[in-house]
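Visitor: Before I ask anything, here is the structure I am working with.
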Amino acid sequence: MKRRLLALAATLALQASAGTFSGLSIGAFSVPITSGYVWNTFGLETTITDNTVTAVYSGFDGVADTNATAKWGDWPHPLPDGVDKESTLLFEGTQFADVIGDQTIFKLGSITFTNGTSGIETLLFGGTLTITPVQFDWGYLSDPLIIPFSIETTRNVGTPEFNADFIVFRTELGDVGAFVYEGASATFDI
């Protein structure tokens, strides 16, 4: 499985002027987008697809956890063992310690996107991840970090490379994204 490590930068409002603090970050997926762009069979152009009625997904209920998982998609026919039918986004929160009050960059966790094999009519095209640092020993962050993401998907009619999906995370500092082959994953540090 090919993995890519990418930095996902965003800004948080830090309310601390002195000292250090530590804590734990939790995440929640919500607001799934059920319509979006699908690359056609030849991979030359995209068409709008509306899966409002047929999308299959879980983990977009907004329940916060240290390791939040969102899954979507389904395949109508049996596949060989070891082939993942669903696509997934996994947020893995992290503990952070000894962060100085005026420090603006520290790791809050990571997001891993895995491109599964699914029928087009069952897919989602994006959503929102909300990250909230909690359990501070000192100080606090005034606002949660809200990261919208979008996915352009490809019909699964060719090689894993041909079937790559493109995911983009939107932050205040700009967009970060990756092409992810079918069956492969990409990991983003936050």
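Visitor: For residue 108, which sequence-distant residues (separation of 5 or more, or a different chain) have an amide H within less than 5 Å of its own amide H, given hydrogens modelled in the peptide plane?
Guide: Excluding prolines and chain starts, which carry no amide H, the hits are 190.
Visitor: If I take R0 = 35 Å and measure r between the Cβ atoms of residue 179 and residue 106 in this structure, what FRET efficiency does the formula 1/(1 + (r/R0)^6) give, to the nearest 0.05?
Guide: 0.80
Visitor: Under the rule a/c < 1.5 gives rounded, and otherwise a/b versus b/c splits prolate from oblate, where does segment 142-187 land using the Cα gyration tensor?
Guide: Prolate is the answer for segment 142-187, as a/c is 1.5 or above and a/b outweighs b/c.
Visitor: Another question about this same structure. Measure out, as a whole number of angstrom, how far apart the alpha-carbon centroids of segment 146-190 and segment 35-71 sit.
Guide: The distance from the Cα centre of segment 146-190 to that of segment 35-71 comes to 11 Å.
None of the figures in this text is laboratory data; all of them are computed from the coordinates on show. Treat the numbers as computed from the prediction; the structure is a model and nothing was measured. When we count neighbours, we look across all protein chains shown, and the Cβ atoms used for this are built from the backbone with ideal geometry, even at glycine.
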